[in-house]
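Below: the structure, in structure tokens.
The values are calculated or read from the model by the stated rules, or taken from the named source; none is laboratory data. As the structure is a computational prediction, the values presented were derived from the model and not from experiment. Note: ideal-geometry Cβ built from the backbone for every residue, glycine included; neighbour counts use all protein chains shown.
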Protein chains: 4
Amino acid sequence: MKKKDFRNVVTRYKAVFFDAYGVLKNHKGVIPGIEDTFDFLIQNSIEYYILTNDASRSPDQLAEVYHRHGIRTITSDRIISSGMLAREYLQYKIKKGTVVYLGTEASAHYIEASGLNIVAVKDVDINDLEHVVAMVFLDDEGFVWSEDINKLINILRMKNMSVIVANTDISYPVNKHEISIAIGGLADMVEEIIGKVFIRFGKPDAQMFMFAYEKVLEKGFIRKDEILMVGDTLKTDIIGGNKFGLDTALVLSGNTIPEQAAVKIASSGIIPTYICDSVLVN
Amino acid sequence: MKKKDFRNVVTRYKAVFFDAYGVLKNHKGVIPGIEDTFDFLIQNSIEYYILTNDASRSPDQLAEVYHRHGIRTITSDRIISSGMLAREYLQYKIKKGTVVYLGTEASAHYIEASGLNIVAVKDVDINDLEHVVAMVFLDDEGFVWSEDINKLINILRMKNMSVIVANTDISYPVNKHEISIAIGGLADMVEEIIGKVFIRFGKPDAQMFMFAYEKVLEKGFIRKDEILMVGDTLKTDIIGGNKFGLDTALVLSGNTIPEQAAVKIASSGIIPTYICDSVLVN
Amino acid sequence: MKKKDFRNVVTRYKAVFFDAYGVLKNHKGVIPGIEDTFDFLIQNSIEYYILTNDASRSPDQLAEVYHRHGIRTITSDRIISSGMLAREYLQYKIKKGTVVYLGTEASAHYIEASGLNIVAVKDVDINDLEHVVAMVFLDDEGFVWSEDINKLINILRMKNMSVIVANTDISYPVNKHEISIAIGGLADMVEEIIGKVFIRFGKPDAQMFMFAYEKVLEKGFIRKDEILMVGDTLKTDIIGGNKFGLDTALVLSGNTIPEQAAVKIASSGIIPTYICDSVLVN
Amino acid sequence: MKKKDFRNVVTRYKAVFFDAYGVLKNHKGVIPGIEDTFDFLIQNSIEYYILTNDASRSPDQLAEVYHRHGIRTITSDRIISSGMLAREYLQYKIKKGTVVYLGTEASAHYIEASGLNIVAVKDVDINDLEHVVAMVFLDDEGFVWSEDINKLINILRMKNMSVIVANTDISYPVNKHEISIAIGGLADMVEEIIGKVFIRFGKPDAQMFMFAYEKVLEKGFIRKDEILMVGDTLKTDIIGGNKFGLDTALVLSGNTIPEQAAVKIASSGIIPTYICDSVLVN
């Protein structure tokens, strides 16, 4: 598969969905030059949204990172996080009662909703679970792992309830060479130990793409194959986009390094429509 | 959780999604009395759709089974099968070339589309795969397992292509006591052996529910929590409905027998909104 | 399957292997009356060994628990722990260099051997891994989970080395109602995240039984089917014993409660030779 | 890791265990020149055994292949197959009754034993399972897959019994470019569908190595680290040998091609003691 220039690729579409980390950002921060990409999209009347597996920060906080780098065109209404799907789930399914969460206090804003009482795992009284109706995994920070994960397991053993994992990623990069376990990785461990079935939100699951597609449709009808999904990871961005019916572009600025792209595509059978070096247009 | 009467439950909703096998049909055929259920829904202006993991027969053929039992109210436009999602995928993603399938000739109708050449695995020339662009698992019948599955594996090793599994089920009942391996079970084996990632359509995946929800929306706006998903299987119907934001009713007329319902709910953590004996309204 | 009296069962054998937790001990400590069981075995010249998935304490420390309860007949040479297999592995395979461990200082005694330098994960200099040759998961205590597990993952990403998990259990009981994640559960999470293959020691793996069988053979030849494995867990004790060729007795004093024994045997297909209430002989 | 000459490597050991396919044989038959390897071993008084995941042919039939190529030094008593472990299991655990098998009639010789009645799946009367006590997966040939695998599944649903898989391999090469599903792959599919736990024999499981080690010990004591395991597959031969405490040599004449060896070792974390081009000594 020959590499294509992102500028030539994206102009074939009416809308584009971007993954964030490895595409617009990396361990050093926002990738220099992507402001030109968004100016180019606006000039060409191409809609854009950012789809991110993240439930640790609100869309406002996520947009703030771009604003600090002078990119005002990425507004919070253009950011779709897996935390927003968790919130939607609670709105539809949990009308009242106590929802327990694992994560920081900041991450808990995702599950604040009328009728619900929000409590961190560490503050739960394990002898009084009567009003507890759901558990949400939000962030890998904000708690003592050994204490709170074990406490969470025993809560789930004592009371049957819905369990939501607001980020499917099992790890995330912390700098050029190091990674950290993500909340999805902790949730996988807990699920294995207690043998129950959790509800997960985030790419590659179709609901993430549907949520973004509905936003696009609000501005006028676009067919799925008029949208391009751009990501650096075959197993989340590309397979998810493909399955939903979108065209897909793999960029080599993050998780998939240039030397390994061909091997990874061949061994996984996950085939992007295009391969581009990055989303830079200059 | 106390059992509720289906009549009292369903009247709280504006639309209802039914699983087919174990809910409307069983090993003896259409369950006697369900014609009254559909009459009741029509009288109460409740929309209804049938969501079935099946890519072996067309919606027309699936509707025909109900018609033969005198139930004219189940028309083919109310039946949503996982095969239809596979077809939609091909329409969006595969514009031309040869699509290879495993299944009966009847099942191949799902993947007939303009621009595509449809060939059964047994008719593929393994030395000329140049135009082959996708593989679809449709049905467990219509081929010699030992020959065609091994041939399919070698095709996939020789040429990288998208692989679609049009039914996630791993087995299906053939009579009161016996089951048969479904095409999803064969696909799982092949995926394990060649180590690639296949694209699967069918409950509990969100795309199945989204496809049905879009049909509902065509007739006017309904919120997700105004829809009831009715099924006999926790791990497909109920978890899928829950995750999509629907209310759910587990019926005890199929896969989940009355004595085991409480244990299965507790051990899986998959909690339906209601439990009903069946969908009968009399 | 009818329950049998343990006294009548065990007298058919020349040797007996016991699981510890749920068989000889429970959350309250050593089960009252088991001293009579060991006196009975000695009177009847039946050899006995205890096989335990534990790498947190030495055989001496494990025996000490029984001694404190006045049971002097359980000496440390009769206790076989999965930690001993990890030690044997290091003796055969790692002749020199630094071995990194996760666990308490007490657990590290298992991997002390001539020629090896033993270092806790927290004390590793991640910028100087030249002499690091192996990693061992020993105990879930003795370290800060969030810090040391993430550090361990990055060590394994930077340097390829053998990874040994000295206890296959994913959880263990801490009191009548609560469990805690075991080191095997943490290791499973790490293995999933970094995608490598770890070496695990402990039941149901054959090496645990082989280690005990070799001890038996030192005292004279006994056929495998002259040995009885006694345990409370189908998926470790019973399947492991069965596969090794031993007869097996499931006791209902621990993990498998009387009401569920028949269901668990039927659903797992793991069939013990006998079922007994407990190992008590009076 | 630098490649070493096999002649220089093997002379450091008192015994050597060989994998068969990819090491001594390939798709064209016995690899030319390996007769010299065995002459060299005999001259240097190095013991040798062949460990093969195969339950389709008897040790005599397996040895016959080498004899036809003029290699008389590979006698049937030096061949250890996973089928022999299945036979040993039945001898210890199944004293009487009917054992059902999937495979060819030739493969059934492995499970012939006094007291047992041996019946192919296709000849079982599914309405009379009273005397059926075990099921054995032997070979992927000798039966009609769609009929007999579905029948086998229903037998296992109707009667709880021990299930033995006499070959852990999921696929095997049939020529230079093509593979075929092995009996282990079919067994994995059945296990997933019925949700029971099967007993598997074959590399990398420790019992295979223990069986060979006991044969070595009959001729005099040798420490485990005085034995070299030679194989072409990291995930069976090398990890199995390593875990058992043997030194290991990866040869590049089969499954692991020279260009990929370093990548596969790094990504799997399975590290052989040596890498050699082949077992040829000239």
Original post:
Can you name every residue in region B:71-126 that is of a type outside the set (Lys, Arg), more than 14 Å from chain A (Cβ to nearest Cβ) and free of Cβ contacts under 8 Å to residues at least 12 places away in the same chain?
Top reply: B:112, B:114, B:123, B:125
Subject >> The lone exception for residue B:208 - which of (1) farther than 21 Å from residue A:265 by Cα; (2) surrounded by fewer than 17 Cβ atoms within 10 Å (Cβ to Cβ); (3) of a type in the set (A, V, I, L, M, F, W, C); (4) within 14 Å of chain A (Cβ to nearest Cβ) it fails >> reply: (2)
Original post:
What are the residues in region B:16-45 that are in contact (Cβ under 8 Å) with a residue 40 or more places away in the chain, surrounded by 21 or more Cβ atoms within 10 Å (Cβ to Cβ) and either among the small types (Gly, Ala, Ser) or under 26 Å from residue A:92 (Cα atoms) (or both), if any?
Top reply: B:16, B:17, B:18, B:19, B:20, B:22, B:23
**OP:** Select, from A:152, A:228, the only residue that is in contact with an Asp or Glu (Cβ under 9 Å, 6 or more places away or on another chain) and away from chain B (no Cβ under 12 Å).
**Re:** A:228
**OP:** Test each condition in (1) over 30 Å from residue A:106 (Cβ atoms); (2) outside the structural domain of residue A:254 (by TED's automatic domain parsing) for residue A:10 and report the one that comes out false.
**Re:** (2)
**OP:** Give the residue, chosen from C:50, C:74, that is part of a loop (DSSP other than H, G, I, E, B) and of a type in the set (A, V, I, L, M, F, W, C).
**Re:** C:74
Original post:
Can you name the number of the only condition in (1) of a type in the set (A, V, I, L, M); (2) farther than 30 Å from residue A:147 by Cβ; (3) not in a helix (DSSP H, G or I) that residue A:42 fails?
Top reply: (3)
Original post:
In region D:126-147, which residues are under 25 Å from residue C:267 (Cβ atoms) and more than 24 Å from the chain's Cα centre (by Cα)?
Top reply: D:126, D:127, D:128, D:129, D:130, D:131, D:132, D:133
Original post:
Exactly one of (1) in a helix (DSSP H, G or I); (2) in contact with a helix residue (DSSP H, G or I) (Cβ under 9 Å, 6 or more places away or on another chain); (3) aliphatic (A, V, I, L, M); (4) surrounded by fewer than 16 Cβ atoms within 10 Å (Cβ to Cβ) is unmet by residue C:62. Its number?
Top reply: (4)
**OP:** Report, ordered by the first and then the second residue, all pairs with beta carbons closer than 6 Å, sequence separation of six or more or different chains, a first member in region A:225-252 that is more than 18 Å from residue B:89 (Cβ to Cβ), and a second member that is modelled with pLDDT under 95 and among the hydroxyl-bearing types (Ser, Thr, Tyr).
**Re:** A:232/A:256
Subject >> Lone qualifier among D:222, D:257 - being in contact (Cβ under 8 Å) with a residue 40 or more places away in the chain and surrounded by fewer than 24 Cβ atoms within 10 Å (Cβ to Cβ) >> reply: D:222
Original post:
Among strands (runs of 3 or more DSSP E) lying entirely in region A:163-282, which contain 2 or more residues that are under 30 Å from residue A:109 (Cβ atoms)?
Top reply: A:171-173, A:179-181, A:227-231
Subject >> Long-range neighbours under 8 Å by Cβ, at least six apart or interchain, first residue of a type in the set (Lys, Arg) within region D:148-173, second assigned to a helix (DSSP H, G or I) >> reply: D:151/D:121; D:151/D:122; D:157/D:194
**OP:** Can you tell me which residue among C:89, C:48 is in contact with a Lys or Arg (Cβ under 8 Å, 6 or more places away or on another chain) and over 29 Å from residue C:114 (Cα atoms)?
**Re:** C:48
Subject >> Residue that is nearest to residue C:263 (Cα to Cα) [pool: residues in region D:158-189 that are in contact with a Phe, Trp or Tyr (Cβ under 8 Å, 6 or more places away or on another chain) and within 12 Å of chain C (Cβ to nearest Cβ)] >> reply: D:163
Original post:
In region C:1-30, how many residues are closer than 17 Å to residue C:209 by Cα and part of a helix (DSSP H, G or I)?
Top reply: 0
Original post:
Conditions: (1) within 15 Å of the chain's Cα centre (by Cα); (2) surrounded by fewer than 22 Cβ atoms within 10 Å (Cβ to Cβ). Residue B:200 meets all but one. Number of the miss?
Top reply: (2)
